[in-house]
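Participant: Okay, here's the structure, questions in a sec.
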Amino acid sequence: MPNLLSSAAHEVPGISAIHAFADNYIWMVSNGREAVVIDPGQAEPVLEALAMHQLKLTAILLTHHHQDHVGGVTELIQATNAGVYGPAGEKLPFCDVPLKEGDQVNDEALHLKLTVLDVPGHTAGHIAFYGHFKNTPILFCGDTLFAAGCGRLFEGTAAQMHASLAKLAALPWDTRVFCAHEYTLSNMRWACEVEPGNKELQHWQKTATEQRSQGIPTLPSNIGQELACNPFMRARHPDVAQAAVTWSQRELTSPVEVFAALREWKNNFR
Ligand code: ZN
Ligand code: FE
């Protein structure tokens, strides 16, 4: 597996991060004239970015119903007439095109081709968008997968989230992972407790710490990095399973039980 752990390799020209709230990223895909945004929790920073780069917003993609992902939708459609694409199974402020597993969202002008994946767990109807921007494989996963972490189980079960992450784990290793929050360093502090001997994790932590000290997003990550470093993607690894058993002081008889113990461990980690 080629090494994609250096920061420069992550960047995808044409996809940029708009900062919102304390630690949200609203991802924007553009071709210099038109733009699509994913999970605009706030309208203002998006409108500023559009004005600054003289872009026309053509579509808004939504992964789930939480306010920090949909809060800007109403104001953005009033200002731009952009079409709204979101999960069929969730209550949204507005939606033109309800989406479910296997549906396609294509934007020829942007060279953006996406397929919808159902990824319940964080919320009951959470979706992700997997596909290509030009030739680069990309994933917009909202609050399902984070760099070295995953979303909390607000509406779904551990079995659902485990299956959702397994679906993402099966994507090509070089798929760039555009998560919706900058949680990387705190996730890594916990991941290092789970797997103190994971050299790839230590290397990535060093890179990410450097990026944050310069105010640079640690994202996108990629599926290869997550498979190598993210405990939630590694419930089958003997070291991770053993760490979960030690922490929970229970016998864990399946990867789902290991995953559930890891999620509980992370919830209690400060
Ligand atoms: Zn959320
Ligand atoms: Fe969120």
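The values are calculated or read from the model by the stated rules, or taken from the named source; none is laboratory data. Quantities reported herein were computed from a predicted structural model and do not represent experimental measurements. Here the Cβ is made from the backbone with ideal geometry for all residues, glycine too, and neighbour counts use every protein chain on show. These area figures cover heavy atoms from the full protein model, side chains too; ligands, DNA and RNA do not enter into them. Shrake-Rupley method; radii C 1.70, N 1.55, O 1.52, S 1.80 Å.
Participant: Return the only residue of LEU201, LEU227 being assigned to a helix (DSSP H, G or I) and either open to solvent by 80 Å² or more (accessible area, probe 1.4 Å) or touching a Cys at 6+ places or on another chain (Cβ under 7 Å) (or both).
Facilitator: LEU201
Participant: If you check THR209 against the conditions, is it among the β-branched types (Val, Ile, Thr) and more than 15 Å from ligand 2 (Cβ to nearest atom)?
Facilitator: It is true that THR209 is among the β-branched types (Val, Ile, Thr) and more than 15 Å from ligand 2 (Cβ to nearest atom).
Participant: Mind checking whether some residue in the stretch 91-106 is part of a loop (DSSP other than H, G, I, E, B), out of contact with any Gly (no Cβ under 6 Å at 6 or more places or on another chain) and either modelled with pLDDT under 95 or open to solvent by less than 30 Å² (accessible area, probe 1.4 Å) (or both)?
Facilitator: No, the stretch 91-106 contains no residue that is part of a loop (DSSP other than H, G, I, E, B), out of contact with any Gly (no Cβ under 6 Å at 6 or more places or on another chain) and either modelled with pLDDT under 95 or open to solvent by less than 30 Å² (accessible area, probe 1.4 Å) (or both).
Participant: Among the numbered criteria (1) more than 16 Å from ligand 2 (Cβ to nearest atom); (2) outside any strand (DSSP E or B); (3) open to solvent by less than 50 Å² (accessible area, probe 1.4 Å), which single criterion is violated by ALA79?
Facilitator: Checking ALA79 against (1) more than 16 Å from ligand 2 (Cβ to nearest atom); (2) outside any strand (DSSP E or B); (3) open to solvent by less than 50 Å² (accessible area, probe 1.4 Å), the one that fails is (3).
Participant: What pairs come out if I take residues in the stretch 54-71 that are in contact (Cβ under 8 Å) with a residue 40 or more places away in the chain and pair them with residues that are of a type outside the set (Asp, Glu) and open to solvent by 40 Å² or more (accessible area, probe 1.4 Å) whose C-beta lies under 6 Å away, six or more apart or interchain?
Facilitator: So the pair list comes out as LEU61/TYR85; HIS65/LYS91; ASP68/PHE21.
Participant: A further question follows. Is there any pair with a first residue in the stretch 14-43 that is free of Cβ contacts under 8 Å to residues at least 60 places away in the same chain and a second that is aromatic (Phe, Trp, Tyr) and part of a strand (DSSP E or B) whose Cβ atoms are under 9 Å apart and which are 6 or more apart or on different chains, and what are they?
Facilitator: Cβ pairs passing all conditions: SER16/TRP27; ILE18/TYR25; ILE18/TRP27; HIS19/TYR25; VAL37/TRP27.
Participant: Would you check which residues across the stretch 43-54 are buried (at least 20 other Cβ atoms within 10 Å of the Cβ) and more than 22 Å from the chain's Cα centre (by Cα) and list them?
Facilitator: LEU50, the sole residue that qualifies.
Participant: Which condition does SER16 not pass, out of (1) open to solvent by 20 Å² or more (accessible area, probe 1.4 Å); (2) more than 25 Å from GLY224 (Cβ to Cβ); (3) in a strand (DSSP E or B); (4) touching a Phe, Trp or Tyr at 6+ places or on another chain (Cβ under 8 Å), if it passes all the others?
Facilitator: Result: SER16 passes all but (2).
Participant: When the residues of the stretch 130-145 are filtered to those that are within 30 Å of ALA261 (Cβ to Cβ) and open to solvent by less than 10 Å² (accessible area, probe 1.4 Å), which remaining residue is nearest to ligand 2 (Cβ to nearest atom)?
Facilitator: By that ranking, first place goes to ASP143.
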